[in-house]
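Chemist: One structure is given below, represented as structure tokens, and several questions about it will come after.
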Amino acid sequence: MKNKLILSLLLMVACQARAVVLITDNEAHLPPAAVVQTRGITRGPGIALVSPASGQSIKSPFDLKINFEERGGVKIDPTSVSVTYLRAPVVDLTSRLRPVVSANGIVLNQAEVPPGDHQISIRVKDAEGRESHTIIDLKVAP
């Protein structure tokens with residue numbers, strides 16, 4: 001267990017030391033996926049985009065910060081986090097972000113993303129299995 005923790009910390013430091021390709025050029029050229037947004041009351045964890053500011057046009061690389069918020073004192077399960085790029089076919093980004101995911105959220109310094117509009121889906125569950133989902137929009141300038 002201690003070795004896994006040390007390895008995770010080393011991977012996190014290594015990922016933070018240089019820009020990390022979050023979305024490749026090839027993935028950005030895939031056609032957009034049909035997105036159906038639903039709204040509803042949920043008792044699952046909160047998901048909040050902290051950086052970059054929502055709707056703000058940004059330059060790559062940029063710092064990506066997403067906070068997870070406990071509800072009702074129920075701990076967040078970081079192993080349940082799923083991140084997908086909404087293209088056809090959908091691109092699973094979870095493994096690229098795994099080293100920077102914690103119960104507090106996702107912190108990825110120097111994320112590389114090609115210019116364009118990108119939608120990313122984030123899902124997270126708490127220890128009781130309650131799930132929350134959100135879609136973030138990234139507008140990356142050339």
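Chemist: Tell me which residues, restricted to segment 55-99, are closer than 28 Å to residue 127 by Cβ, of a type in the set (S, T, N, Q) and not in a strand (DSSP E or B).
Modeler: The answer is 94, 95.
Chemist: Could you tell me which residue of segment 118-142 is most open to solvent (accessible area, probe 1.4 Å), considering only residues that are over 18 Å from residue 85 (Cα atoms) and among the basic types (Lys, Arg)?
Modeler: 125
Chemist: Go through segment 40-56 and count every residue that is at pLDDT below 95 and either open to solvent by 40 Å² or more (accessible area, probe 1.4 Å) or farther than 18 Å from residue 136 by Cβ (or both).
Modeler: Selection size over segment 40-56: 8.
Chemist: Another question about this same structure. Just to be sure before I move on: is residue 90 open to solvent by less than 70 Å² (accessible area, probe 1.4 Å), in contact with a strand residue (DSSP E or B) (Cβ under 7 Å, 6 or more places away or on another chain) and either at pLDDT 95 or above or of a type in the set (A, V, I, L, M) (or both) in the structure I sent?
Modeler: Details: open to solvent by less than 70 Å² (accessible area, probe 1.4 Å): no; in contact with a strand residue (DSSP E or B) (Cβ under 7 Å, 6 or more places away or on another chain): yes; either at pLDDT 95 or above or of a type in the set (A, V, I, L, M) (or both): yes.
Answer is no for this residue.
Chemist: Also: Does residue 107 satisfy being surrounded by fewer than 17 Cβ atoms within 10 Å (Cβ to Cβ), modelled with pLDDT of 95 or more and in contact with a Lys or Arg (Cβ under 6 Å, 6 or more places away or on another chain)?
Modeler: On the way: surrounded by fewer than 17 Cβ atoms within 10 Å (Cβ to Cβ): no; modelled with pLDDT of 95 or more: yes; in contact with a Lys or Arg (Cβ under 6 Å, 6 or more places away or on another chain): yes.
Answer is no for this residue.
Chemist: Select from segment 57-68 the residues that are polar (S, T, N, Q) and in contact (Cβ under 8 Å) with a residue 40 or more places away in the chain and write down the one among them that is least open to solvent (accessible area, probe 1.4 Å). So that I can check it myself, show each step before the final result.
Modeler: At the first step, the residues of segment 57-68 found to be polar (S, T, N, Q) are 57, 60, 67.
After this cut, where a residue has to be in contact (Cβ under 8 Å) with a residue 40 or more places away in the chain as well, the list is 57, 60.
On the way: 57: 78, 60: 40 Å².
Only one residue fits best here, namely 60.
The values are calculated or read from the model by the stated rules, or taken from the named source; none is laboratory data. Quick caveat, the model's predicted, so the values are computed rather than measured. We place every Cβ from the backbone using ideal geometry, glycine too, and count neighbours over all the protein chains shown. When the accessible area is computed, the model is the full protein with side chains, heavy atoms only, and any ligands, DNA or RNA have been set aside. Shrake-Rupley method; radii C 1.70, N 1.55, O 1.52, S 1.80 Å.
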